[in-house]
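Q: I have a structure I would like to understand better, so I am pasting it below and will then ask my questions one at a time.
The values are calculated or read from the model by the stated rules, or taken from the named source; none is laboratory data. Here the structure is a predicted model, which means the values were calculated and not measured. Here Cβ is always computed from backbone atoms with ideal geometry, including for glycine, and neighbour counts include all displayed protein chains.
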Amino acid sequence: METQERQPIPRIGDPAPDFKAVSTHGEITLSQYTKAGKWVMLFSHPADFTPVCTTEFIEFARLTPEFEKRNVQLIGLSVDSIFAHLGWEQNIEKNFGQKIPFPVIADRNMAVAALFGLIHPGASDTATIRAVFLIDPNGKVRFLIYYPLSMGRNSQELLRAIDAAQAADKHGIATPVNWKPGEEVIVPPPANETALRERLEMGKKGEVNQTDWYFSKKKI
């Protein structure tokens, strides 16, 4: 199998590399989704017909309405063939009663895997590791998470992280440890003396829940 030269892993804030790839839904590009205003969660898995990956695909498929509510397009990826992907999807539907509604890229030449740094020789030279990239509608990487081959992902944490990224964009805030939607968020610290005085006044008026001048929370 001809492999592509490995590229540096895209970092948070970097433009996500665009690609054109064959998938179970036909030929797709990353930009067709981002240009349509969608967020994209690109996730790789080591191999079709493997137990951990099967549990992940079942759960991502089950949660597709939750991703759609957040305007997120799921795209799966591995170095398996289209025929393997289609056979595995049929197997999942037959054995677990779950259809797979999102496209899965067949990256046989590892071209997309190379763009996103998904082949880790220390884990496997022939399989994509478990990785997740969240890409916003501007085509920027917002977060990335890498897992070893043996570890299944936490789907609820992925939804929580998507909520946090989208809340930061919409409200200009940050989110504290273990934050969940509906809980207080962090107001960024004031950047100059004028902003400091304004923040202290906001605390006095109860407009923010202020512990100290640099530490304020509020509901959104």
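Q: Filter the range 64-75 down to the residues that are among the charged types (D, E, K, R) and assigned to a helix (DSSP H, G or I), then identify the one that is surrounded by the fewest Cβ atoms within 10 Å (Cβ to Cβ). Don't jump to the end; show me each part of the working.
A: Going through the range 64-75, the residues among the charged types (D, E, K, R) turn out to be 66, 68-70.
Narrowing further to those that are assigned to a helix (DSSP H, G or I): 66, 68-69.
Numbers: Glu66: 15, Glu68: 13, Lys69: 10.
Out of the qualifying residues, it is Lys69.
Q: Let me ask another. With Gln166, Gln210 as the choices, which residue is within 31 Å of the chain's Cα centre (by Cα), on the phi < 0 side of the Ramachandran plot and polar (S, T, N, Q)?
A: Values: Gln210 fails: within 31 Å of the chain's Cα centre (by Cα).
One residue alone meets the criteria, Gln166.
Q: Same structure, new question: Identify, by number, the condition in (1) basic (Lys, Arg); (2) over 19 Å from Thr64 (Cα atoms); (3) modelled with pLDDT of 95 or more that Arg160 doesn't meet.
A: (2)
Q: Can you tell me which residues in the range 183-197 are under 24 Å from the mean Cα position of the chain (by Cα) and of a type in the set (Asp, Glu)?
A: Selection gives Glu183, Glu184.
Q: Could you check how many residues of the range 22-63 are outside any helix (DSSP H, G or I) and among the acidic types (Asp, Glu)?
A: Within the range 22-63, the subset outside any helix (DSSP H, G or I) is 22-30, 35-50, 63.
Restricting the remaining residues to those that are among the acidic types (Asp, Glu) gives 27, 48.
Within the range 22-63, residues that are outside any helix (DSSP H, G or I) and among the acidic types (Asp, Glu) number 2.
Q: Checking the condition at pLDDT 95 or above and either buried (at least 19 other Cβ atoms within 10 Å of the Cβ) or not assigned by TED's automatic domain parsing to the domain that holds Lys38 (or both), which residue from Ala84, Ala106, Ala131 passes? Let's see the steps before the verdict.
A: Working: Ala84 fails: either buried (at least 19 other Cβ atoms within 10 Å of the Cβ) or not assigned by TED's automatic domain parsing to the domain that holds Lys38 (or both); Ala131 fails: at pLDDT 95 or above.
The conditions single out Ala106.
Q: Related question: Look through the range 184-197, keep the residues that are free of Cβ contacts under 8 Å to residues at least 12 places away in the same chain and of a type outside the set (Gly, Ala, Ser), and return whichever of them is surrounded by the most Cβ atoms within 10 Å (Cβ to Cβ). It would help to see each step written out before you state the result.
A: Of the residues in the range 184-197, the ones free of Cβ contacts under 8 Å to residues at least 12 places away in the same chain are 191-195, 197.
Right, trim to of a type outside the set (Gly, Ala, Ser) and you get 192-194, 197.
Numbers: Asn192: 8, Glu193: 8, Thr194: 9, Arg197: 12.
Out of the qualifying residues, it is Arg197.
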